[in-house]
């Protein structure tokens, strides 16, 4: 009976170790893993070209987001998101092609940094950078170029 229990424990440990090494051991004993997920996302972007607090445009749309979560030993160390889709101007009904790249390092307090490129079908073009404080739900456009 003791021999069967011993062999069963050895078998379970062997299977568990195989699963750990299959997750991408980097040679230092740390399992690294990247997961990808595509999800729909409701999008909005306030456009204040000259920084005076008066909106020149406000975009609403739906995008598809590809989340890339980079993990080390099961803990997220970096999160990237690439967003593509369309948004419509709430002011002019101009339709914009949206491309946005976001990144977040969880150790930096849940702040998301993003770069966006919005190309309208009537000639408008907005390029910029923003931050999103997920804890306080505050979106801040850091810089924007309006063409």
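When you go through 120, 85, 110 one by one, which is the residue that is buried (at least 17 other Cβ atoms within 10 Å of the Cβ), without any contact (Cβ under 8 Å) to a residue 60 or more places away in the chain, on the phi > 0 side of the Ramachandran plot and in contact with a strand residue (DSSP E or B) (Cβ under 9 Å, 6 or more places away or on another chain)?
Details: 120 fails: on the phi > 0 side of the Ramachandran plot; 110 fails: buried (at least 17 other Cβ atoms within 10 Å of the Cβ).
Only one candidate passes the filter, namely 85.
Looking for whichever is farther than 23 Å from residue 40 by Cβ and either in contact with a helix residue (DSSP H, G or I) (Cβ under 9 Å, 6 or more places away or on another chain) or in a strand (DSSP E or B) (or both) here; the options are 145, 118, 139, 63. Which one fits?
145
Test residue 84 against the criterion of being part of a strand (DSSP E or B) and at pLDDT 85 or above, and give yes or no. Can you show your working first?
Details: part of a strand (DSSP E or B): yes; at pLDDT 85 or above: yes.
Here the answer is yes, as residue 84 does meet what is asked.
Do the conditions hold for residue 101, that is, is it at pLDDT 85 or above and either surrounded by fewer than 17 Cβ atoms within 10 Å (Cβ to Cβ) or not in a strand (DSSP E or B) (or both)?
yes
Residues checked against (1) within 12 Å of the chain's Cα centre (by Cα); (2) over 25 Å from residue 147 (Cα atoms):
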| residue | (1), (2) |
| --- | --- |
| 48 | no, no |
| 57 | no, no |
| 61 | no, no |
| 67 | yes, yes |
| 72 | no, yes |
| 75 | no, yes |
| 93 | no, no |
| 113 | yes, no |
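Anything in segment 68-81 that is closer than 15 Å to residue 112 by Cβ and buried (at least 16 other Cβ atoms within 10 Å of the Cβ)? List them, or say none.
Across segment 68-81, the qualifying residues are 69, 79, 81.
Tell me which residues, restricted to segment 123-144, are surrounded by 14 or more Cβ atoms within 10 Å (Cβ to Cβ) and out of contact with any strand residue (DSSP E or B) (no Cβ under 6 Å at 6 or more places or on another chain).
124
From the list 90, 42, which one is under 27 Å from residue 132 (Cα atoms), at pLDDT 90 or above and in the same structural domain as residue 130 (by TED's automatic domain parsing)?
Numbers: 42 fails: at pLDDT 90 or above.
The match here is 90.
The values are calculated or read from the model by the stated rules, or taken from the named source; none is laboratory data. Just so it is clear, the structure is predicted and the values come from calculations on it, not from any experiment. A quick note on method: Cβ atoms are made from the backbone with ideal geometry, for glycine too, and the neighbour counts reach across all protein chains shown.
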